1. With respect to the numbered conditions (1) surrounded by 13 or more Cβ atoms within 10 Å (Cβ to Cβ); (2) within 13 Å of the chain's Cα centre (by Cα); (3) on the phi < 0 side of the Ramachandran plot, which one is the sole condition not fulfilled by N72?
2. Look at region 71-109 and say how many of its residues are within 17 Å of A23 (Cβ to Cβ), touching a residue at least 60 places away in the same chain (Cβ under 8 Å) and not aliphatic (A, V, I, L, M).
3. Taking region 39-70, which residues are without any contact (Cβ under 8 Å) to a residue 60 or more places away in the chain, within 17 Å of V91 (Cβ to Cβ) and of a type outside the set (V, I, T)?
4. Looking at (1) open to solvent by 40 Å² or more (accessible area, probe 1.4 Å); (2) over 19 Å from A24 (Cβ atoms); (3) in a loop (DSSP other than H, G, I, E, B), which is the one condition that is false for A101?
5. Restricting region 24-69 to residues that are buried (at least 18 other Cβ atoms within 10 Å of the Cβ) and out of contact with any Phe, Trp or Tyr (no Cβ under 9 Å at 6 or more places or on another chain), which is farthest from G10 (Cα to Cα)?
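The values are calculated or read from the model by the stated rules, or taken from the named source; none is laboratory data. Here the structure is a predicted model, which is why all the values come from computation and not from measurement. Cβ placement follows ideal geometry from the backbone for every residue including glycine, while neighbour counts extend to all protein chains displayed. To get the accessible areas, we keep the full protein, side chains included, count just its heavy atoms, and leave off ligands, DNA and RNA. Shrake-Rupley method; radii C 1.70, N 1.55, O 1.52, S 1.80 Å.
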Amino acid sequence: QVQLVESGGGLVQAGGSLRLSCAASGSINSVNHMGWYRQGPGKQRVFVVQLLSGTTTYTDSVKGRFTISRDNAKNTLYLEMNNLKLEDTAVYYCYAVFSIAVTSWGQGTQVTVYS
C-alpha cells in the first residue's frame, strides 16, 4: 500500500510563494492520475488541480498562480503556489490513483496566508 506524505506548508505573507511536496512511499511511474485538493476552515474539500494522462486541469481560482509537476525519479508530486491570497488558506491534500480500487491520500499540510 503506497502512502503519500505532504510537506512544505506553513505561514506565508499574501503575494508570496510556497512549494508543496507529496512524497510517495513507492513508485509513481505507472500512475496516470494525481493531483491536489484543499479544505479551507469551515469549508468542504474542493478540487485544486489534477494531472490525468498528461493533461493538467486547474480550478479557475488558481489558474496562472499554481503549477503542478511530478518527479518520477523521486516519487514526488509538487504544487508550486505563487502570488498567494488570503483565500488560499487551507489544508492541502495530495492524491494518487493507483488503480480503480485504490486511491491514496496524504494526511494534509497546512497553508496559512496572512496580510
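1. Going through (1) surrounded by 13 or more Cβ atoms within 10 Å (Cβ to Cβ); (2) within 13 Å of the chain's Cα centre (by Cα); (3) on the phi < 0 side of the Ramachandran plot one by one, N72 breaks only (2).
2. Counting residues in region 71-109 that are within 17 Å of A23 (Cβ to Cβ), touching a residue at least 60 places away in the same chain (Cβ under 8 Å) and not aliphatic (A, V, I, L, M) gives 12.
3. The answer is G40, P41, G42, K43, Q44, R45, F47, S61, F66.
4. Among (1) open to solvent by 40 Å² or more (accessible area, probe 1.4 Å); (2) over 19 Å from A24 (Cβ atoms); (3) in a loop (DSSP other than H, G, I, E, B), A101 violates only (2).
5. Per the stated criteria, the residue is L51.
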